[in-house]
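Q: Pasting a structure here, questions to come.
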Amino acid sequence: MRKLKIALALFLICIFMAGCSPSWTCSMCGDDFRGRAYYDVLMDREWVLCESSAREYWAPLNFRDFQVR
Ligand SMILES: [Zn+2]
């Protein structure tokens, strides 16, 4: 029973962490996404790009230099 409780606790922590990871709406393609977001040229947190949009937007620069932290 003890192991089951630990497993359950870990499971709940996973859900909690996922719920806390920021969710973004891409300003270029309108996709909702989680995880890494990227700035456009204004560096405004309210205006972020998903990875594929950022790649297109910043080409030929390295879009990973403009990741939101
Ligand atoms: Zn996008």
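Rule-based calculations on the coordinates, nothing more; no lab input. Everything numeric here is computed off the predicted structure, so don't read it as measured data. Note: ideal-geometry Cβ built from the backbone for every residue, glycine included; neighbour counts use all protein chains shown.
Q: If amide H atoms are built 1.01 Å from N in the plane of the peptide, which residues on other chains or at least 5 residues away come under 5 Å of the amide H of Ala37?
A: For Ala37, the qualifying residues are Val68.
Q: Here's another thing I want to ask about it. Can you list the HN-Hα couplings for the range 23-30, worked out from phi with the Karplus curve (6.51, -1.76, 1.60; θ = phi - 60°), rounded to whole Hz and with x for Gly and Pro?
A: Ordered by residue, 3J(HN,Hα) equals 10, 10, 10, 5, 7, 9, 10, x Hz.
Q: Say R0 is 22 Å: what FRET efficiency, to the nearest 0.05, do Asp44 and Ser23 get from their beta-carbon distance?
A: With R0 = 22 Å, the Cβ-Cβ based efficiency is 0.80.
Q: Also, quick follow-up: If amide hydrogens are placed 1.01 Å from N in the peptide plane, which non-local residues have theirs closer than 5 Å to the one on Met28?
A: When sequence neighbours closer than 5 places are left aside, the close amide H contacts are Cys50.
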